[in-house]
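Q: This is the structure, below, for whatever I ask next.
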Amino acid sequence: MTGPVLRLAAVERRYTMGSEEVRAVRGVSLEIDSGDYVAIVGPSGCGKSTLLNLLGAIDRPDRGHVYLDGRDVGALGDGEATALRLRRIGFVFQRFHLLAALSARENVELPMSEAGVGRSERAARARELLSYVGLAARERHRPPQLSGGEQQRVAIARALANRPALVLADEPTGELDARTGSEIASLFRRLNDDGTTLIVVTHDEDLAAAAKRTIHMRDGLVVRDERSAPIRVGPDSAAGAGQR
Amino acid sequence: MILRLVVASLTGHRARTLLAIAGVAVSAALLLDMVMLSSGMRESFRSLLTSRGFELRVAPKGTLPFDTEATIADATATAAALRESADIAAVSPVLGGTIHLPRASGSATSSVALGVDPELQGDYVLLSGRDPGPAEIVFNDALLAASGRQVGDTLTIAGGYDPQLRRFTSPRVVRIAGRARFVYLAREQRAAAMPIAALQALGGAARRDRASLMMIRAAPGADVEAVRLWIAARLPKVTAISTATAIAQVEERLSYFRQLAFILGSVSLVVGVLLVGTLVTVSVNERIGEFAVLRAIGIARVTIIAQIMLEGAVLMLAGSLLGLALGLVTARYLNTILVSFPGLPQSIDFFLFQPRAAWTALALLGVAGVAAGAWPAWRGASLPIARVLREEAA
C-alpha cells in the first residue's frame, strides 16, 4: 500500500426522510490506503450507503471534509466532481444499473466515450475488460439477455473502464444468489490483488470476509475498524487488467 | 454514443415514439398549411398582377379596373398622351363587354368579351391557334364548350339584343383563331377576346373609342411611382393604380386570412410543443434512476441535457418531415375545394407552396422541439443523485 487515497475528517451528513431528519453519518473520520480492500458493514440504515456516496463524490458532507488524492471533494463544483467520478472512481451498484438498450460492450464503453477515448481504443479496452470479468463471449448481448451475475460483472467492467483510483461497490451481491455472489467476491479479490483499491458496502459475510479491512458502522458512527487476514486466491492470468 | 442512446431510447418505446411523431406531424401539417394560407393568396395575386409585366393600370377616375361599367373616353388620345412619357414603354388598352352567339333556335350563348391589342395584351395566355386578327376572335374552353365550336370555325357574334325588335344587334362574322386561358377570369366563366377596335364597333356609338382600362408597362429602370404621379398630373380624368398599390389593397382585404392563419398556426405550434414536452417529460420521469446512475458514473450534466433535448428534437424533426408531406397533400386538397368557388380568377391559389414557408415552418418546429425538451432535460440532469439512488434502492 502506498498511503491514503481517501481521507475523511469528522464527516457528518443529514437528510430528511418525510418529515423526519436522519443523521446518516455522524462525525466519521478515517483513512483508506491505496490498494486496500475495505468492507463497510453494519445493520440497515446505519449510514453505510450514505458514507459510500460521500466517498464517491455523489453527495457532499454537511460538516467535515472528504479528501480524494488530497483534494477536498466537498469544495469541488458540479463539473469537477463529475469529472472526478468519471476518471478516478468506479461505481458498482446493487441492481447493476446497466443501460438495457446498449450491449454489454457499449455499457462498458460509455464512461470511456464520455472521457473522450477514441472509438477503436475504447472498443479494444471494453473487450479486454469483459474478458477480464469472464464475459468475452457475451459482449454483444444486452443486459436483459444476461443473468444477474453476468450483469454485475459487466457493471464491474464498466466501473474499471477509465482506470479509476478506487472502486466503490454498494451491496454488489445483494441481488444475487449465493453461488453467483461468491463468484463476484472472487472477482473482487482478484481485482484487489491486481492493485485496485476497493470499498464495498455489504451485508454479505463472505464478501466482507474477503476484505483486508472491515469497518463496522452503527447509527452513523464507525464503531469498529479492524484489519484482517482475508482468504486469498491465486493471481489470475489476466492480472492487472483493471489497472493497466 | 449520445446518438446511440437517443436512438435506443426512442426505439425502446416504439408505439409511443410513433404516436408522438404522428401527433407532431398533424401539428406540423396544420402549421405548414397556415403558413401557406397566410401568404398563398397574396403571393398568387402578386404573381397574377406581375406575371404579364404591366406595373400600372389606368382606370376611369375614382374606379378600380373593371370595378364598374365606367369607361375611359377618347381612348386613342389618352393612349397617345400616355405614350408621350419616356418612362412608359407600352400602353395596352382593354375594353370589357358582352357578346352573344345567336343560335338557330333564336336563343344565344352570352359571354364576357375583352377588346385588346393582341400584340401587347396581358389578359390571356394562348393555348392553341393564334392571336386574333381583324374579324377574328379567341375563345376560352368554357365558351368553346358552351357554343359547341372549335378553333377554325366561323360564326356570327352580336354586340347586343334589341328586345323590342327581338333581334341581335351589330352582327359580325368572325373566325375562331385560337383557344386561350384568361388569367383574370374564373375558370368556368365564358370569355372571348378580339381586337379592341372590333369590340368597340360591336358596341356602337356608346363604345366608340372607349376603353375600360389601360395597362401600362414602365420603361426599364423607370420609377413606377413617379410614372403614376405623372399620369395623375397629366390626365386628371383617369386614376392610375400601381401593382404595388393593388397588392397593398389586396393585402388589406386579406388581413382576415392572415390573422386566422396566424392564430391557427400558433395553436398548432403550441400543441406540438406541449405534445413533445409531455412525452419527453414522461420519458424523463421513467428514467430518473437511469439518469442518476449516469451522473454517478461521471456522465456530465450537459451530456444528459443534450441527449434529452436531442430526443425531443428528433421527435419534432421526424414529425415535421412527415407533417410537411401531409401538409402539402391537405393543402392541395383544400386548395382544390377553395379555388372552385364561383367567380375566382383562375390563377388565384389559396395555398401556395413556397420553399421559404416550408423552411420557416420546419425551423419553427425545430426550435419548438428543442425548447419543449429543455425543461425536462434540465430536470433530468439536475437530479440529486444520492437521494434518487437511495430512493431507487428502497
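Q: How tilted is helix B:301-339 with respect to the longest principal axis of chain B? Cα atoms for both, answer in degrees (0 to 90, nearest 10).
A: Between helix and principal axis, roughly 20 degrees.
Q: Same structure, new question: For the protein assembly as shown, what does the helix formula give at 222 nm: sum of -39500 (n - 2.57) over DSSP H segments with n ≥ 4, over the residue count, nearest 500 deg cm²/dmol?
A: -14500 deg cm²/dmol
Q: Relative contact order of chain A: what whole-number percent is it, with Cα pairs under 8 angstrom and at least 6 residues apart?
A: 26 percent
Q: Could I ask something else about it? With a cap of 16 neighbouring Cβ atoms within 10 Å, and only residues DSSP puts in a loop, list the GluC sites (Glu not before Pro) found in region B:55-112.
A: Hits after loop and neighbour filter: B:E69, B:E84.
Q: Can you give me the distance in nm between label points at A:E175 and B:F341, each placed 7 Å from the Cα along the Cα-to-Cβ direction?
A: Going by the 7 Å Cα→Cβ label model, 6.4 nm.
Q: Let me ask another. What's the local net charge at B:R387, with K and R +1, D and E -1, over the other residues with C-beta under 13 Å away?
A: Neighbour charge sum, excluding B:R387 itself: +2.
Q: Estimate the FRET efficiency between B:A73 and B:A233 by the formula 1/(1 + (r/R0)^6), using the beta-carbon distance for r and 22 Å for R0, to the nearest 0.05.
A: That gives a FRET efficiency of 0.70.
Q: Averaged over its residues, how many other protein chain Cβ atoms are within 10 Å of peptide B:298-304's Cβ atoms?
A: Per residue, the average neighbour count from other chains is 6.
Q: How much net charge surrounds B:D349 when only other residues with a Cβ under 14 Å from its Cβ are counted (Lys, Arg +1; Asp, Glu -1)?
A: +2
Q: Here is a follow-up. What is the distance in Å between the Cα centres of region A:112-144 and region B:302-339?
A: After rounding, the separation between the Cα centres reads 38 Å.
Q: Based on the Cα atoms of the protein assembly as shown, what semi-axes does the equivalent ellipsoid have, where each is the square root of 5 times one gyration tensor eigenvalue, given in whole Å with the largest first?
A: In descending order the semi-axes read 89, 23, 19 Å.
Q: Another question about this same structure. At a Förster radius of 45 Å, what calculated FRET efficiency corresponds to the Cβ-Cβ distance of A:S29 and B:W375, to the nearest 0.05?
A: In this case the efficiency is close to 0.60.
Q: I'm a student and want to see the number: the projected area of the Cα convex hull of chain B, averaged over all directions, in nm².
A: 27.1 nm²
Q: How high is the FRET efficiency from A:A100 to A:D206, r the C-beta distance, R0 41 Å, rounded to 0.05?
A: 0.90
Q: Quick one: net charge of A:F93's neighbours, Cβ under 11 Å, K/R +1, D/E -1?
A: Residues close to A:F93 contribute a combined charge of -2.
Q: Then there is this: B:D87 versus A:L221, label points 7 Å from Cα toward the beta carbon: distance in nm?
A: Simple spin-label model gives 10.0 nm for this pair.
Q: Could you tell me the convex hull volume per residue, in Å³, taken over the Cα atoms of chain A?
A: Hull volume normalised by residue count: 129 Å³.
Q: Turning to a different aspect of this structure: Once you have the Cα-Cα distance between A:S186 and A:D62, take 0.36 nm times their residue separation minus that, and quote the gain in nm to one decimal.
A: Taking 0.36 nm per residue and subtracting the Cα distance, the gain is 41.0 nm.
Q: OK, next. How tilted is helix B:2-12 with respect to the longest principal axis of chain B? Cα atoms for both, answer in degrees (0 to 90, nearest 10).
A: 80 degrees
Q: Where the centroid of each part is defined by its Cα atoms, how far is region B:148-177 from region A:169-210 in Å?
A: Distance between centres, Cα-based: 107 Å.
Q: Taking 7 Å along the Cα-to-C-beta vector as the label spot, tell me the A:R140-B:S51 distance in nanometres, rounded to one decimal.
A: 6.0 nm
Q: Hey, what angle do you get for helix B:355-381 against the long axis of chain B, alpha-carbon based, 0 to 90 degrees rounded to 10?
A: Approximately 20 degrees, to the nearest 10.
Q: Per 5 Å bin, what is the whole-percent P(r) computed from every C-alpha pair distance within region B:155-195?
A: 5, 18, 21, 19, 18, 13, 5, 0
Q: From the alpha carbon gyration tensor of region B:66-157, can you work out the equivalent ellipsoid semi-axes (sqrt of 5 times each eigenvalue) and give them in Å, largest to smallest?
A: 30, 16, 11
Readers should treat all values here as calculations from the given coordinates under stated rules, not as data from a laboratory. Predicted, not measured: the structure shown is a model, and the values here were computed from it. Using ideal geometry, Cβ is built from the backbone for each residue, glycine included, and neighbour counts are taken over all protein chains shown.
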